[in-house]
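The values are calculated or read from the model by the stated rules, or taken from the named source; none is laboratory data. What you see is a predicted model; the values in this text were computed from it and never measured. Positions of Cβ are generated from backbone atoms using ideal geometry, with glycine treated the same way; all protein chains shown enter the neighbour counts.
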Amino acid sequence: MDHTPDLPLTLERPYFTDLFERMRRGGRFSRLEIVAFVIGLSVAYVFGIRWNHGMADFAVNYRAGQRILGGEALYQTGDGHYMFKYFPSAALVYAPFTVLPTELAMVVWFLLSLGAFVAIFRIVDRLVPQKHAAYLLVIAGAILAKYILHELRLGQINVFVTLVMLASLEALLGSSRPRAELVAGVLAGLAVAVKPYAALLVLYLLVTLRWRGAAAAIGVLAFCLALPSVFYGGAGNLDQLREWASSLSRSTPTLLTNVDNVSVLAFFTKWLGDPGRALLPTAVVLGMLAVLTMAVVVAGWRRRDACVLDGALVLTLIPLISPLGWDYTFLMAILAVALIVNNRLAFTKPLQWFLAANFSVIAFALYDTMGRVLYGAFMRWSVTTVNFVVVILALAYLRARDVC
């Protein structure tokens, strides 16, 4: 019998047609396509980010890695605005990079960050059930693109913390097995050890009665917090933790009026002009968000996949609750945006248009598109805070409709 070999992809169907079809349906990318993506953004890094003196935050954390290896104080007032602001355990993440020159370490960090973003999109692709929207990940990524690029330009670590938290949520999907819940807890504990704001995920484990996961998270966090004792000794490590708390409490009030701060506390401080006057309305709004979150959790209690939407809500809440919630940390709302876009038809027509407008504001509110005066007012008014409160309300709507 005659055998006709399969035609190459380029002859049977144009390559880019196949690529766009997979993008539309949410199919997996090949290794070659991922490598091309990494190379493309690496070129953007060389010609854009580094030539514009970017990755300032990585430089701060790189110095913290040097200090912890030398047993030096991490929190030094002489650093001013560029003082290290995280747990001593977070400095250990950067310690291995100090064997490289700063510039080379930045390149390595940038490439690892790209890899983390690829992994994030893959996890989101697996977490979003029953995809209905064409080009779902492309749209979600485009909406949050300015935050993703800002993260890369600063050389921040939020991308890795977001990846770990999303991996924890994915593990929770198999939490009927004790081992999966423990894995979720371990990952949550690691995330908190790097960025304290991830404690909200541990609180979620407690609220949903995942005791094994919560215990694992607390145990891992305690272990990570104790690790710097290798360099400081037990008493010295406690001194560093106390200095961390002290430096954070001193710096927070001065940063509440920073235009990039999008927390609820910063929102009311900017509008009322005084952190003291902002405390009451902040407490009221955060209380309402807490009640709403509990209602969402309770409404999805019997759903096996409830942790997907619950987790999307928790991750979106983090920049709003954290007093130092910088706008680019909203990159962790990627799962929330993907869920809303995927289930857009569950909303009424007016709400669909409203959400489309909200996402347009998020995506296109840029200095380059708005100009200095309008963009400055946009950031001073903390409109971004309102944009993502809308995202949270949209998630609650989806749960009320029992869509996801």
Exercise. Any residue in the range 353-365 that is of a type in the set (Phe, Trp, Tyr), touching a Phe, Trp or Tyr at 6+ places or on another chain (Cβ under 7 Å) and at pLDDT 95 or above?
Worked result: no
Seminar exercise, completed: With criteria (1) among the hydrophobic types (A, V, I, L, M, F, W, C); (2) buried (at least 24 other Cβ atoms within 10 Å of the Cβ); (3) at pLDDT 95 or above, residue 186 comes up short on (2)
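Restricted to the range 125-169, and to residues that are among the charged types (D, E, K, R) and part of a helix (DSSP H, G or I), which residue is farthest from residue 337 (Cα to Cα)? Break it down stepwise before answering.
Of all residues in the range 125-169, those among the charged types (D, E, K, R) come to 125-126, 131, 146, 151, 153.
Restricting the remaining residues to those that are part of a helix (DSSP H, G or I) gives 125-126, 146, 151, 153.
Values: 125: 12, 126: 15, 146: 14, 151: 18, 153: 22 Å.
Checked the range 125-169; the qualifying residue farthest from residue 337 (Cα to Cα) is 153.
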Exercise. Considering only residues of the range 250-293 that are aliphatic (A, V, I, L, M) and in contact with a Ser or Thr (Cβ under 7 Å, 6 or more places away or on another chain), which is nearest to residue 83 (Cα to Cα)?
Worked result: 256
Exercise. Quick one: how many residues across the range 138-183 are crowded, with 19+ Cβ neighbours inside 10 Å, of a type in the set (Lys, Arg) and free of Cβ contacts under 8 Å to residues at least 60 places away in the same chain?
Worked result: 0
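Select from the range 259-288 the residues that are of a type in the set (Val, Ile, Thr) and over 16 Å from residue 383 (Cβ atoms) and write down the one among them that is surrounded by the most Cβ atoms within 10 Å (Cβ to Cβ).
My answer is 282.
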Seminar exercise, completed: From the option list 209, 203, 265, 238, single residue qualifying as touching a Leu at 6+ places or on another chain (Cβ under 8 Å) and of a type in the set (A, V, I, L, M, F, W, C) is 265
Exercise. Looking only at the range 196-228, which residues are more than 18 Å from residue 294 (Cβ to Cβ) and in contact with an Asp or Glu (Cβ under 6 Å, 6 or more places away or on another chain)?
Worked result: 212, 213
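For the subset of the range 338-373 comprising residues that are among the small types (Gly, Ala, Ser) and part of a helix (DSSP H, G or I), which member is surrounded by the most Cβ atoms within 10 Å (Cβ to Cβ)? Steps first, answer last, please.
Taking the range 338-373 first, the residues among the small types (Gly, Ala, Ser) are 338, 346, 356-357, 360, 363, 365, 371.
Okay, now just the ones that are also part of a helix (DSSP H, G or I), so 338, 346, 356-357, 360, 363, 371.
Working: 338: 26, 346: 17, 356: 13, 357: 11, 360: 11, 363: 16, 371: 10.
Selected residue: 338.
Here's the yes/no breakdown for (1) closer than 18 Å to residue 154 by Cα; (2) aromatic (Phe, Trp, Tyr); (3) modelled with pLDDT of 90 or more; (4) touching an Asp or Glu at 6+ places or on another chain (Cβ under 9 Å):
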site	(1), (2), (3), (4)
53	yes, no, no, no
60	yes, no, yes, yes
82	yes, yes, no, yes
97	yes, yes, yes, no
117	yes, yes, yes, yes
Problem set entry | Filtered residue count, the range 271-292, keeping only those that are part of a helix (DSSP H, G or I), over 21 Å from residue 362 (Cβ atoms) and either touching a residue at least 40 places away in the same chain (Cβ under 8 Å) or over 20 Å from the mean Cα position of the chain (by Cα) (or both) | 14
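Looking at 209, 227, 154 in this structure, which one is farther than 19 Å from residue 127 by Cα, within 21 Å of the chain's Cα centre (by Cα) and not basic (Lys, Arg)? If you could, list the steps in order and put the result at the bottom.
Numbers: 209 fails: within 21 Å of the chain's Cα centre (by Cα); 227 fails: within 21 Å of the chain's Cα centre (by Cα).
That would be 154, the only listed residue that is farther than 19 Å from residue 127 by Cα, within 21 Å of the chain's Cα centre (by Cα) and not basic (Lys, Arg).
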For this session: Among the numbered conditions (1) out of contact with any helix residue (DSSP H, G or I) (no Cβ under 7 Å at 6 or more places or on another chain); (2) farther than 27 Å from residue 378 by Cα; (3) surrounded by 24 or more Cβ atoms within 10 Å (Cβ to Cβ), tell me where residue 309 comes up short.
Result: (1)
Exercise. Does the range 257-270 include one or more residues that are touching a residue at least 60 places away in the same chain (Cβ under 8 Å), touching a Lys or Arg at 6+ places or on another chain (Cβ under 9 Å) and in a helix (DSSP H, G or I)?
Worked result: yes
